[in-house]
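One structure is given here, and the rest of the page talks about it.
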C-alpha cells in the first residue's frame, strides 16, 4: 500500500460555493472584486483553500499572495511540487491582470512560462508571490509573477499572457 512505510497524515478542509464570485465579475471591477475578497465580503475561491493561501494584498495592476509551504505540497523528492509553485505564479499573474480590468471584463490564462530557481520546502518559510501587469491591451494582457521565500530569495519566476473577454451581464 502506498504511504504505509511511514505514519499517514491527514488533511481536511472545506470551501465555499464559487459561483457568487463568478457572478460578481459582471458587476465589479477586478480590483473591487479582489478587495471585497480580502475583506471577507465574498467567499474564498476553492483554490485558495486547496493550496492553503493565507492572504492577498491587491492594488491597481499588482497583487501579493502569501502562502506557507506545507508537507501536503511535497513531491516524491521532499520539496514543494512544481505544480503548486506554478499554480501560485499563475494565480498572482492572473489576479494582477484582474486588478486592471473594469466590471464586465474577464480573463483566462493563455500561457505560463515558468522558471524554477531553487527548491522550496517547509524550511523556506512564508512564500510571497508578487504579480504585476507588464502590458494591457484591448484583447490580451501580459503579466509577471515572482515568488520570494522568507529570506527574500527569488525561488521562481513566471510570465503569463491572458486573453481578455466580455462577461455577459449578470444583472
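The values are calculated or read from the model by the stated rules, or taken from the named source; none is laboratory data. Everything numeric here is computed off the predicted structure, so don't read it as measured data. Cβ: placed from backbone, ideal geometry, glycine included. Neighbour counts: every protein chain shown.
Kindly indicate whether residue 120 is part of a strand (DSSP E or B) and either touching a strand residue (DSSP E or B) at 6+ places or on another chain (Cβ under 8 Å) or buried (at least 17 other Cβ atoms within 10 Å of the Cβ) (or both).
No: the conditions fail for residue 120.
Answer yes if at least one residue in segment 54-65 is in contact with a helix residue (DSSP H, G or I) (Cβ under 8 Å, 6 or more places away or on another chain), more than 21 Å from residue 32 (Cα to Cα) and either assigned to a strand (DSSP E or B) or free of Cβ contacts under 8 Å to residues at least 12 places away in the same chain (or both), and no otherwise.
no
Of the residues that sit in segment 76-101 and are over 17 Å from residue 62 (Cβ atoms) and touching a helix residue (DSSP H, G or I) at 6+ places or on another chain (Cβ under 8 Å), which one is surrounded by the most Cβ atoms within 10 Å (Cβ to Cβ)?
Looking at the filtered set, the residue picked out is 80.
Inside segment 130-171, can you point out the residues that are in a loop (DSSP other than H, G, I, E, B), under 19 Å from the mean Cα position of the chain (by Cα) and touching a residue at least 40 places away in the same chain (Cβ under 8 Å)?
Answer for segment 130-171, where residues must be in a loop (DSSP other than H, G, I, E, B), under 19 Å from the mean Cα position of the chain (by Cα) and touching a residue at least 40 places away in the same chain (Cβ under 8 Å): there is none.
List the number of the failed condition for residue 113; all other conditions in (1) part of a strand (DSSP E or B); (2) in contact with a helix residue (DSSP H, G or I) (Cβ under 6 Å, 6 or more places away or on another chain) hold.
Just one mismatch for residue 113, condition (2).
Within segment 56-74, work out how many residues are surrounded by fewer than 18 Cβ atoms within 10 Å (Cβ to Cβ) and farther than 27 Å from residue 135 by Cβ.
So the answer is 5.
Taking the residues in segment 14-55 that are exposed (fewer than 10 other Cβ atoms within 10 Å of the Cβ) and on the phi < 0 side of the Ramachandran plot as candidates, determine which candidate is modelled with the highest pLDDT.
Per the criteria, the residue is 39.
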